[in-house]
Amino acid sequence: MSKSEPINIPTVSGVVDIDVDTAYTQIKDMRIHGAGRIARLAASALKNFVDNSKVSDRDQFFKNIMDSGEKLRSARPTAVSLPNGVNIVLASTKKSYNLGDSLDDIKEVTINAAEKFVHDSLDAYNKIGEYGGKRIRNGDTVITICNSEAAISVLKNAHDTGKGIKIVCCETRPLFQGHKTAATLAKHGCDVTIIIDSAVRKFIDKIDRAVCGADAVAVNGALVNKIGTSQLAAIAHEARVKLMAAAETYKFYPDTMFGELTPIEERDATEVCSEEYLKTYPNIKVRNPVFDVTPPENIDVIVTEKGIIPPANASLIIKELIELL
């Protein structure tokens, strides 16, 4: 299996049996795609850690699971679903520990929190599909990018309610996650076309709606998503095509409330050029940013499991998230 090949975890998988080290490696090496899947995998790893822990001292257990959480958080720097998911689970662990609960009680609380996070994540996926699907009109041609569970849920819902939509998938270079989206939707019975990323302007006059996912949403409503999303959004805005971002509330980035900027991950040059090419032309520099930032003025609405909001209301979601964490 190549580093960029996604592991075979179903789109709507629940808790999976995976240890922290394996989850860390699969997230870091991008063998699993999609912010929601990443968050659920991390929550599953924390549950697995508790299930298999042999430590009998509550203080040592607490230190070990906090260290495990820190390792998982460090796997990817941009997808805020990862640290938020870990923090939501471990918030219950910390509360139980600080209350002086027994080791068994702390373990039980942590397991329950991990299972609840996974359940809530999957429930959010379904609700986003329902709410977002209502905004797709009969006969719309919809363009999407990357491999977002939430965006796919919206498109599946629109298809399942008989709206006869057509879907255009940007292939999403350099790892071609758009191919996976197209395959998922085609298997679902949707009418799907793949285009190269740079062809968006060529086809935009045939597009009625744009739908994308999110790896992070900032306090001002700006969207951090797969590289190419800001280009799609700008072209769509110019053509008066509305862009709907689909994002679970745990993808909103609390630190942006306090002035922090979302870090943009850059990955290895070999994802863009072959090793042979790089060795042949060692003086060529390669930049491989994974994400870009779409300004809120190019976003129509953000659909969440709590309802549809304008980008300007992102701060309200973040305030609620801060209270939870």
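Some notes on this structure:
- For first residues located in the stretch 180-208 and over 20 Å from N157 (Cα atoms) and open to solvent by less than 30 Å² (accessible area, probe 1.4 Å), partners that are among the acidic types (D, E) and in a helix (DSSP H, G or I) and lie 6+ apart or on another chain with Cβ distances below 9 Å form the pairs I204/E238.
- Candidates A233, A183, filtered to the one that is among the aliphatic types (A, V, I, L, M) and within 19 Å of I136 (Cβ to Cβ): A233
One line per residue, one yes/no per condition, for (1) part of a loop (DSSP other than H, G, I, E, B); (2) more than 14 Å from R37 (Cα to Cα); (3) in contact (Cβ under 8 Å) with a residue 60 or more places away in the chain; (4) open to solvent by 60 Å² or more (accessible area, probe 1.4 Å):
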residue: P83; (1), (2), (3), (4): no, no, no, no
residue: E108; (1), (2), (3), (4): no, yes, no, yes
residue: S121; (1), (2), (3), (4): no, no, yes, no
residue: V142; (1), (2), (3), (4): no, yes, yes, no
residue: C169; (1), (2), (3), (4): no, yes, no, no
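- Only one of the numbered conditions (1) under 30 Å from I227 (Cβ atoms); (2) surrounded by fewer than 23 Cβ atoms within 10 Å (Cβ to Cβ); (3) among the β-branched types (V, I, T) is not met by V55, and that is (1).
- Selection count, the stretch 268-305, where residues are assigned to a loop (DSSP other than H, G, I, E, B) and in contact (Cβ under 8 Å) with a residue 60 or more places away in the chain: 6
- Flag if I309 is over 15 Å from the mean Cα position of the chain (by Cα) and hydrophobic (A, V, I, L, M, F, W, C): yes
- Inspection of the stretch 240-248 identifies at least one residue that is open to solvent by less than 10 Å² (accessible area, probe 1.4 Å), of a type in the set (D, E) and within 27 Å of H119 (Cα to Cα).
The values are calculated or read from the model by the stated rules, or taken from the named source; none is laboratory data. The shown structure was predicted, so the numbers you read here are calculated from the model rather than taken from an experiment. In this analysis, Cβ positions are derived from the backbone assuming ideal geometry, glycine residues included, and neighbour counts consider all displayed protein chains. Accessible surface areas use protein heavy atoms only, side chains included; no ligands, DNA or RNA. Shrake-Rupley method; radii C 1.70, N 1.55, O 1.52, S 1.80 Å.
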